[in-house]
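Every number here is computed from the coordinates shown, using simple stated rules; none is lab data. Keep in mind that what you see is a predicted model, and the values were worked out from it rather than measured. Neighbour counts run over all protein chains shown; Cβ positions are idealised from the backbone, glycine included.
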């Protein structure tokens, strides 16, 4: 419960003071974060022979050997990239989570995670006027998150989705208002909890809708506010009920022949469910789709082939832009991206595409070099083919959640604008 | 995503067939549950010298030594108590979670958990007419769960709460309807996610509201339906903003002198927030409070001293009914429960109490013998003092979630009835 409180208040005092990470369980003193971005990990493992810290690229790009100090193993990392990182310990070859951390569904399992605050947030001269990050709650009206379960005829499953409603949705004066909807997907090895728990989607959306732009990462002038909209987050894995495969490796499921089940669930079941349950603008003008990594691939695959359903499209570190070499080494038969032929020729007629799709937005982090370079290369191809798009590169962030938070922060204010 | 699907469909085929537990992460084959309630655990730990399985009382009351088979450690338990159990592995003295399991916040940390289906559910003669447990989704209208964040002036924190709304709440014909509210608390070492993730609160409430009583655990005849109501689940830990204690051991926090902060947050901040945000019956006639274990103690402490705010009270394995000996061994100065003096004399005048409190409901599991015996003993004391109460003992379940699910299943239909 102290998560955002600590992030905002306790991390301010000064560069030499370390505070428990905001992602710790309530009573855990470690990991601790310094104001300059250093982090100390500490775990009690009296019988271990060797302990290594492993995790996200922005935290430690290779395993870090920890040092034994009586019953505890510790390490302090030099300042690391701000934002959220998955991590875990490798104890004598065994992967285990940090008992001091909350867990987050990533890598196809529950892993520890750590939030590294914005260095501007915790610099000492900001104590009297703290900067609140764009992915934390501000004072003022709050949106809500809703959890739904629905039975899918396509997969035979009970499926869960989360829905964000903006602050005004339940106000009396909005009783007749209808809202556009962004369908927002997670990455491979993650699930529909990702944007809620790791992403802070409700705070990002509140802040761009209310125009709370005190963070240096905010979009342009304070007058650029996002339209009020719903955000729907479904599960990106789906297999047909009769496929006979119930426990397919989730990180491979979207590459399977039956991965079309995901698009079928989204377009034939989830969208009708949302349009039935909420006051939506229930047509393509009021519908956007975006996703990160695998979810970016799925967005291109589904939205480009359902242009009757979507008018705005976004990919954040979209995995469809793997280079052909990377695709080959991953065992994918994906041919190189070609605006003329890919996605059933959806991009072949630029004039038609530009008239129909009001926004094609593509982002990646500069520190995820393969995907970032692929984005530059393929954006050039698209522009050469006459396709209008918005390209964005988040500075210094890798294939991690800070990239995707920033992408949503930049993307959302461009949606559904006249 | 296959959680309830597997629970309902895949566990049916027969007693000799084992299926992955519904609480596993998507691709994990272990732990596996047999139709007769046996469970096989299996984990890859090539370098370990000894591995023990530890967990909830209904799963294994003492640690179970696992057997090495090449790189894997396994054990198969004789049929265990149905319901949800926390568990973990003790690997050469180190506690670690099962990478194959989802995690659940309990014991003050994220732990593995396993759902053991109702043995009636998975007996082979029910394949053609499966029994759906009262804590799983049925076909038909579904309620919703809502997540809110609110800033507490009392604690200085951003706090999270979950709200369940019944199926009809958002229907057009209910636009003017107001709903009573049950405030429902978690136990020590747990948080506001407990009733949602471990408890299945939304499914329990949907089923009692809709009268889906196909399970043999259902309340009485199918015509006994619970009133439509909201359920609000806040965090049970609170310290005053100026207390200077930010990381108190959460399992002890409620015994601290400043534990009154919890009652202050609930009565002065959470209730007004809910009454402002939802269409509630905003008076004592429309308000109930209940909780499990520590939350049962908190319910007694808060509701009995705020009878102007609550008219219905429930405790599930309420920890206030520890025996004096148990309290002493836990270092608690709690005097023995005395209807004449405890809770500021709230129960001293039975006639007055019975007129004001429309339901005092107390439950415990027969397999949690200390609490269960204390409940019998103290219920006798209360009846001898002229206090009307409803006493319930769940057969064969311990200090675990199946007891509390059953308590809610029995308690909810008695609320707010004329």
Worksheet item: Taking every residue in A:231-241, how many Cβ atoms of other protein chains lie within 10 Å of its Cβ, on average?
Response: 1
Practice prompt. For peptide A:143-150, compute the average count of partner chain beta-carbon atoms within 10 Å of each residue's beta-carbon.
Written response: 6
Item to complete: Could you pull out which residues in the range A:399-417 have an amide N less than 16 Å from a spot 7 Å beyond the Cα of residue A:369, following the Cα-Cβ vector?
Response: A:399
Worksheet item: So for A:68, B:227, A:410, fewest C-beta neighbours within 10 Å to most, what's the order?
Response: A:68, B:227, A:410
Worksheet item: How many angstrom lie between the C-alpha centres of the range A:40-90 and the range B:80-120?
Response: 25
Item to complete: Neighbouring Cβ atoms within 10 Å as the yardstick, rank B:273, B:310, B:203, B:316 fewest first.
Response: B:273, B:203, B:310, B:316
Worksheet, complete the sentence: Here the whole-number average of other chain Cβ atoms within 10 Å per Cβ of B:27-35 is 2
Worksheet item: Using the 10 angstrom Cβ neighbour count as an exposure proxy, how do B:81, A:19 rank, fewest first?
Response: B:81, A:19
Response to the item:
Taking a ≥ b ≥ c as the square roots of the Cα gyration tensor eigenvalues, with a/c under 1.5 meaning rounded and otherwise prolate when a/b beats b/c or oblate if not, the range B:352-418 comes out oblate
Worksheet item: Tell me, what is the FRET efficiency for residue B:384 and residue B:418 to the nearest 0.05, using R0 = 30 angstrom and their Cβ-Cβ distance as r?
Response: 0.55
Worksheet item: Between residue B:340 and the same site in the other copies, what are the distances in nm, shortest first, taking label points 7 Å from Cα along the C-beta direction?
Response: 9.7
Item to complete: Set the Förster radius R0 to 51 Å, insert the Cβ-Cβ distance between residue B:62 and residue A:377 as r into 1/(1 + (r/R0)^6), and round the FRET efficiency to 0.05.
Response: 0.25
Worksheet entry | Two-site label geometry, residue A:69 and residue A:341: point separation in nm, points 7 Å out along Cα→Cβ | 6.0
Fill in: Distances in nm from residue A:44 to the matching label points in the other copies, shortest first (labels 7 Å along Cα to Cβ)
3.0
Discussion item. Run the label-point distances for residue B:283 please: 7 Å along Cα to Cβ, every other copy, nanometres, shortest first.
Written reply: 4.8
